[in-house]
1. Once you have the Kirkwood Rh of segment C:106-183 from its Cα pairs, apply Stokes-Einstein at 10 °C and 1.306 mPa s and quote D in µm²/s.
2. Between D:Asp110, D:Asp139, D:Asp126, where does the largest GNM mean-square fluctuation fall for chain D, given springs only between Cα atoms within less than 10 Å?
3. Return the distance in nm (one decimal) between the two label points of a simple spin-label model at D:Glu53 and D:Thr121, each offset 7 Å from Cα along Cα→Cβ.
4. When a/c is below 1.5 the answer is rounded, else prolate if a/b is larger than b/c, else oblate, so apply that to segment A:24-75 with a ≥ b ≥ c taken from the square roots of the Cα gyration tensor eigenvalues.
5. Provide the per-residue ³J(HN,Hα) series for segment B:197-205, in order, calculated from phi with Karplus coefficients 6.51, -1.76, 1.60 and θ = phi - 60°, each as a whole number of Hz, with x at glycine and proline positions.
6. How big is D for segment A:169-282, in µm² s⁻¹ as a whole number, if Stokes-Einstein is applied with the Kirkwood radius of its Cα pairs at 25 °C and 0.890 mPa s?
7. If you build a Gaussian network model of chain D, linking Cα atoms that sit under 10 Å apart, which residue out of D:Thr91, D:Thr276, D:Thr142 swings the most?
8. Rounded to the nearest 500 deg cm²/dmol, what is the calculated helix-only ellipticity per residue at 222 nm for chain A, with -39500 (n - 2.57) per DSSP H run of length n ≥ 4?
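The values are calculated or read from the model by the stated rules, or taken from the named source; none is laboratory data. For clarity, every value in this text was computed on a predicted model and none was experimentally measured. Cβ atoms come from the backbone with ideal geometry, glycine included; neighbour counts cover every protein chain shown. Side chains included, ligands, DNA and RNA excluded: accessible areas come from the protein's heavy atoms. Shrake-Rupley method; radii C 1.70, N 1.55, O 1.52, S 1.80 Å.
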There are 4 protein chains.
Amino acid sequence: MSTSKNALSNWGRWGSDDQRGTLNLITPENIRLAAGLVKNGKAYSLSVPLEQEGPRWPPRQKTWRVTIHSNDPQGFGGSGDALMMHSHSGTHIDALSHIWHEGQMYNGYDGGKHVTSFGATRNSIDNVAHIIGRGVLLDIPTYKGVEHLSLGEAVTAADLDACAQSQNVDIRSGDIILLRTGWMRVFSQDRALFDSGEPGIDESALPWLREHDIAAIGADNHGVEVMGSIPPDDLPIHRIAIRDLGLYLFENLDLEQMAADKAYESFIVIAPLRLTAGAGSPVNPIAIT
Amino acid sequence: MSTSKNALSNWGRWGSDDQRGTLNLITPENIRLAAGLVKNGKAYSLSVPLEQEGPRWPPRQKTWRVTIHSNDPQGFGGSGDALMMHSHSGTHIDALSHIWHEGQMYNGYDGGKHVTSFGATRNSIDNVAHIIGRGVLLDIPTYKGVEHLSLGEAVTAADLDACAQSQNVDIRSGDIILLRTGWMRVFSQDRALFDSGEPGIDESALPWLREHDIAAIGADNHGVEVMGSIPPDDLPIHRIAIRDLGLYLFENLDLEQMAADKAYESFIVIAPLRLTAGAGSPVNPIAIT
Amino acid sequence: MSTSKNALSNWGRWGSDDQRGTLNLITPENIRLAAGLVKNGKAYSLSVPLEQEGPRWPPRQKTWRVTIHSNDPQGFGGSGDALMMHSHSGTHIDALSHIWHEGQMYNGYDGGKHVTSFGATRNSIDNVAHIIGRGVLLDIPTYKGVEHLSLGEAVTAADLDACAQSQNVDIRSGDIILLRTGWMRVFSQDRALFDSGEPGIDESALPWLREHDIAAIGADNHGVEVMGSIPPDDLPIHRIAIRDLGLYLFENLDLEQMAADKAYESFIVIAPLRLTAGAGSPVNPIAIT
Amino acid sequence: MSTSKNALSNWGRWGSDDQRGTLNLITPENIRLAAGLVKNGKAYSLSVPLEQEGPRWPPRQKTWRVTIHSNDPQGFGGSGDALMMHSHSGTHIDALSHIWHEGQMYNGYDGGKHVTSFGATRNSIDNVAHIIGRGVLLDIPTYKGVEHLSLGEAVTAADLDACAQSQNVDIRSGDIILLRTGWMRVFSQDRALFDSGEPGIDESALPWLREHDIAAIGADNHGVEVMGSIPPDDLPIHRIAIRDLGLYLFENLDLEQMAADKAYESFIVIAPLRLTAGAGSPVNPIAIT
């Protein structure tokens, strides 16, 4: 059995040929119970607009959409769009092939061998037909009594626990965490600040994610994790959560309405595009209460 | 109040400035009740692989994905993708701005005015945060006792009723219809045949869709509607369902596993990318039983 | 015969169905004589690097190139590139379909009718197989004794004449003018200034271009013409030179080495990509002395 | 000094850090003398139309151009294009970074190290500011008395010599060879045949290219070299000419008019787009007599 050097590791846990990582934590029972959280029939789109000036990892190209249209005033008119964009545009999810370290991807696969210009032959996004389950919103700025966390401010494991407790919500195996830092408010207020770094979880949250057997964690920022600057020197959450835990990160969420509604528990459906061999996908995660 | 010349019309029904069409038929109560259909916790991705040789409307460009990767054997490796594709690639949903006729879009908007190279300022896909509700699979070939319907074979309103009855399933306001013609089987068996036309609903189904107040209809073919050849001379379902009824069509579904499981009722979540001003979006519709 | 309202017009001059504009001024004799200017066998590429951070009209998307590569250590390795870019990227030439005014393109063609998402059916860049002839570099900052002209500084007809005289060079029918403003130096020194506007010719140069029967004019800035800000309120040179005179503009040139060499006369070859129905093309103009 | 294993090699000939290959054969004197070949002032564009259905290496994506246009009937109208294409689309030139073998590129550079998703750091197309010189058209089908060569028909060194002799043209150092096989006629007559393989030079032509110190060779087919099928098992001309000789290949030429005019000698200007780090470029080569 392959093992990561890191103590925090799920390598081999679901077989030496596993490519699904923490998706294995989601059982039909998880899904069935999570559906029971739908009480109001209120649905939230957690995606920001996917558009040229939308949020993106700063060095990447902007999303480019050009409409193709025709109009016969006596007959048909119609339109479609040519899209040119990065797979990690706007609100998106990272495949387990997105990040590797010291040559190895999740479950020990050789990144240099399995990822080429033609895509990933292991751990690609098409292993993720869907991520469905119980969503838990952790609204850190409300817990801390601030509008939003500040640049480089860490959210620790203790913060996660204290916030959950303040919201009177427990954490269960297979949960999908929605981490609100308030940073998406900064996007519309001060784009340069938004792109200069972010608040987010620090390394103390990694054992927390592992011990609670979280299936996925998303946040209202570029990369879930705290960064004093962009690009940062290291990305320990990407490195350890994606590579060692096989845990899914999804990013650039709009959690404002859920927070306003105190929608701490929800039924969540994340449906990536089934991009063969892709490293990730834009998504529109849906939370329902 | 604007009115379509066509007797089958929802123009003005939800206000003269409505851009959401049959999404208005989906109430929180619809969503709440539909969530109650989740009994097994089994989820189906209805998307086909999104890849270069995947299904597409024949004249359109193929989806192009190029992976961007880097690998420092002592440090980080990683990958993302450059995507070049049509908004209506593979499994996708049509916005109400996708089709218009005689100059007018759904609800009377002037297509020539509201759709430019920069997108649609009315009826675009970003009006569709999500389509959620009760899914009803109508498995026509199983009802008819054939492997798949044939090229140009029409599915009539009577077929829809008879199939529903044979499956012992009723049709309700706000339902999302999953029409199985078996045509996606032809895709892997005979690509040229798949692209030459398709079985699908004919015009007799339009009053049926209107009377039942269907919110959306998807199928396992290019365009939901019967076509003797591609491109056809007319697209009456696109013309009347999209333009006059403001009804959502979604296409190129994989319904094989649902049919095998006789999953006639399900909870469905369709989450288009929130493409500002877009004419449609690739999607990965999720059905849960 | 159609006529532009503008007194400065070549509409109809080369026939009511002409789409080539001032290319008609270039005769085999022009080309033959211009080739005689090759005395040193020294060639200049007038193109800037075509790359992500290269010069571009500010609102446009950046050029995106992603390399597709593969490497079998025992066999073939190889690479190609996926390009996503605007036709008017970096150093480029404008087709006569690039700009129109009050509904009409060069020679009276209806722009709204002849230009669609599928391209231009009149005046497109594929009418320009090549532009070849005598090049005349007018080095305005050297003539004025400055490093470069300043933001919003106009180059007048009188400046053009005085500069030509100072360089002891005459102007002939069919000439290709290379206008040096020095502004490309600003590109590397102060990108924000470069993008905020530019020095260039003003409207007084239009009769000069017409009277001298210039075939094309290029410059070391975004748009040949003086702009106090970008985007400007009007683009009189684009409007009148392209639309009324059918004159070719090419832009974002690197003229530094030619200026250093005082290469005032040269043999020039401009070879646009033969983009069917395109509005312009990136180019690498070559000047030879 | 690095050396290729192959006896036919220019590695090290122009220094161990050379990246220009046979461009080194082109001297100012070559250019000066070639310009003297301009006697009629007649120019030929050797590019085919660059368009969706134009010639391309069969597995590659089609060129995609979408026009972006706007039209204010009382003010400006205008258009530009979004281009999505492979760098080796239509008529194009191969950079020396296009092909390598057993890990090494021209002049011994390590292909696996120097070529990444971000481009080539050695031997890229931006080393080729221009290729200018004497063009020699070798019209093989006319020499052989056929309309066009046939699928898989080899052009040998003896054929090249005999054809040159029949045309009464000598071959000189730094020449640019235009090899006409007639295959581009097949493109419009039988696309499937055109894409199934091609006539072209065989390995016997390699010493010929080296002994004559040819600077570049282009042809009216996909790849200059004979191929019995596409893709072929080997590409010896690409392998040895590009990698070992550092020789430039350019492809998909339209040589019909030059052949009709018996324009055996010409002045040629090839001006690749100056794509930083690119593996090649679409081009519009110009020949002038």
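1. Stokes-Einstein gives a translational diffusion coefficient of 103 µm²/s.
2. D:Asp110
3. 4.5 nm
4. On the way: a/c = 3.07, a/b = 1.67, b/c = 1.84.
Taking the square roots of the gyration eigenvalues as a ≥ b ≥ c, segment A:24-75 is oblate.
5. Once θ is set to phi - 60°, the couplings for segment B:197-205 become x, 5, x, x, 5, 10, 5, 5, 7 Hz.
6. For these conditions, the coefficient is 163 µm²/s.
7. Of D:Thr91, D:Thr276, D:Thr142, the Gaussian network model singles out D:Thr276 as fluctuating most.
8. Calculated from helices alone, the mean residue ellipticity at 222 nm is -4500 deg cm²/dmol.
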